[in-house]
Amino acid sequence: MRIDKYLWHTRYYKTRNIASTACKKGQVKINGQVVKSSRAVYPTDKVVLRKNQINYELIVLDIPKNRIGAKLVNIYRKDITPKEAFENEELLKYSKSYYRKKGTGRPTKKDRREIEDYLDDEAE
């Protein structure tokens, strides 16, 4: 089975087109090698895919015949993603929420007051 099809069947990507695009961008590796979306996947292959700044690592256990329900995904793959990857994502969420996006305009009144309070505390 093609790798893009396998990733779509096991619900890592919402559509097969998104899965094949990820392969083209070099975000999917099989046994340490970047692969095209047409590369065949076999049981015991180790697949690493980068999605939402997390490197998911999985081992292919079996090939599904068609797209499966979320509860049955564990029959076809073994997820060996380290816990630290998910903890790093949590930290990234907190760091992103504080900063304003570039080009969002002038600071609001609340932002200005926070800046002034910070500068006043620093001066003391």
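The values are calculated or read from the model by the stated rules, or taken from the named source; none is laboratory data. These figures come from a predicted structure and were not determined experimentally. Virtual Cβ from ideal backbone geometry, glycine too; neighbours counted across all protein chains shown.
List of remarks:
- Test result for Gly105, loosely packed, with under 12 Cβ neighbours inside 10 Å, farther than 28 Å from Asp4 by Cβ, out of contact with any Cys (no Cβ under 6 Å at 6 or more places or on another chain) and of a type outside the set (Asp, Glu): yes
- Asp62 of a type in the set (Asp, Glu) and not in a loop (DSSP other than H, G, I, E, B): no
- Residues considered: Lys101, Lys65. Of these, the only one that is modelled with pLDDT of 90 or more and out of contact with any strand residue (DSSP E or B) (no Cβ under 7 Å at 6 or more places or on another chain) is Lys65.
- Set side by side, the residues Lys51, Lys46 differ, and just one is modelled with pLDDT of 95 or more, of a type in the set (Lys, Arg) and either within 30 Å of Ile115 (Cα to Cα) or out of contact with any Cys (no Cβ under 9 Å at 6 or more places or on another chain) (or both), which is Lys46.
- Which listed residue is surrounded by 10 or more Cβ atoms within 10 Å (Cβ to Cβ) and at pLDDT below 90, from Glu57, Glu87, Glu124: Glu87
- Tally, over segment 2-33, of residues that are surrounded by 14 or more Cβ atoms within 10 Å (Cβ to Cβ) and either without any contact (Cβ under 8 Å) to a residue 60 or more places away in the chain or in a helix (DSSP H, G or I) (or both): 21
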